[in-house]
Amino acid sequence: MVHRHRDVQGGEARAAVFGVSDGLVSNVALILGIAGASTDGSLVRLAGISGLLAGAVSMAAGEWVSVRAHNELVERELEIERRSLADNPVAETRELAAIYERRGLKPDVAESLASEIMADLEIALDVHAREELGVDPEGAGSPFGVAVTSFFAFTLGAFLPLAPWLVSEGTGAVIASVIVGMVAAAIVGVAIAVFTERSRIWTALRQMAVAAGAAGSTYLIGSLLGVSVT
């Protein structure tokens, strides 16, 4: 049976999953932390909107820097490897043959395979990058694409627990935020499970536990500290 693999190298899928999850968990924790101290709607809305905007921008900037730096590091290592292949082909052939021997090939087979690969420097660079450096030369993610994905994914996740406070406040809004947050966490868990082909129930429960733990702890801290709004 022919099987197909998902593209997990580019970074957009990871950024989307983590963006929604981080936005949801961080903002439901922030909102309920403020609500634990005071259920004044304007205060909670200000905190929720501030958390959404600050988190989305920070997440996008962080992803851009991270992916950009990773790509530059890979490009540098590939350039070093390219020069080594051109200047020291014999040593690089032995190095590649040794890798194949460690993987179980007989020495003569490993040497023959390495020599065949080294006959074309572009193929040799691709193989050395994968076997020696552990990177896919064609799998670099787009810093801009990952940053944009992170921004909108975080915004979506952070908006969900904030939505009830845009139309209500007080205890009702607190309860609605909790319900929306738990349902959204379960949906994120199921989405992750579908993508990773793991147990949907277990992954959904795990996401709900993370969200509940973060929200419960901040709500408790807010209740203990308390504020007065005049």
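Some notes on this structure:
- Qualifying residue in region 150-167 (condition: more than 22 Å from the chain's Cα centre (by Cα) and of a type in the set (Val, Ile, Thr)): yes
- Filtering 105, 46, 85, 73 for residues that are under 17 Å from residue 123 (Cα atoms) and either of a type in the set (A, V, I, L, M, F, W, C) or in a helix (DSSP H, G or I) (or both) leaves a single hit, 85.
- Going through (1) more than 22 Å from the chain's Cα centre (by Cα); (2) surrounded by 17 or more Cβ atoms within 10 Å (Cβ to Cβ) one by one, residue 106 falls short only on (2).
For (1) assigned to a loop (DSSP other than H, G, I, E, B); (2) surrounded by 18 or more Cβ atoms within 10 Å (Cβ to Cβ); (3) not small (Gly, Ala, Ser), each residue gets a yes or a no:
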position: 111; (1), (2), (3): no, yes, yes
position: 132; (1), (2), (3): no, no, yes
position: 138; (1), (2), (3): yes, no, yes
position: 141; (1), (2), (3): yes, yes, no
position: 144; (1), (2), (3): no, no, yes
position: 154; (1), (2), (3): no, yes, yes
position: 177; (1), (2), (3): no, yes, no
position: 184; (1), (2), (3): no, yes, no
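- Inside region 114-130, residues that are of a type outside the set (Gly, Ala, Ser) and surrounded by 16 or more Cβ atoms within 10 Å (Cβ to Cβ) make up a count of 6.
- Total residues in region 127-165, condition among the hydrophobic types (A, V, I, L, M, F, W, C) and more than 14 Å from residue 28 (Cα to Cα): 12
- Region 124-151: number of residues that are farther than 30 Å from residue 59 by Cβ and in contact with a helix residue (DSSP H, G or I) (Cβ under 6 Å, 6 or more places away or on another chain): 5
- Subset tally (residues that are in a helix (DSSP H, G or I), farther than 25 Å from residue 194 by Cα and not hydrophobic (A, V, I, L, M, F, W, C)) for region 17-43: 4
- From the list 53, 78, the lone residue that is part of a helix (DSSP H, G or I), modelled with pLDDT of 90 or more and out of contact with any Leu (no Cβ under 6 Å at 6 or more places or on another chain) is 53.
- Criterion: closer than 23 Å to residue 184 by Cα, in contact (Cβ under 8 Å) with a residue 12 or more places away in the chain and not β-branched (Val, Ile, Thr) - qualifying residue of 22, 40: 22
- Test result for residue 193, surrounded by fewer than 14 Cβ atoms within 10 Å (Cβ to Cβ), free of Cβ contacts under 8 Å to residues at least 12 places away in the same chain and of a type outside the set (Phe, Trp, Tyr): no
- Extreme residue, nearest to residue 18 (Cα to Cα), among residues of region 196-230 that are surrounded by 18 or more Cβ atoms within 10 Å (Cβ to Cβ) and among the polar types (S, T, N, Q): 207
- Residue count for region 52-67, restricted to those that are of a type in the set (Val, Ile, Thr) and under 13 Å from the mean Cα position of the chain (by Cα): 1
The values are calculated or read from the model by the stated rules, or taken from the named source; none is laboratory data. Because the structure is a prediction, the values reported are computed rather than measured. Positions of Cβ are backbone-derived with ideal geometry, glycine not excepted, and every protein chain shown enters the neighbour counts.
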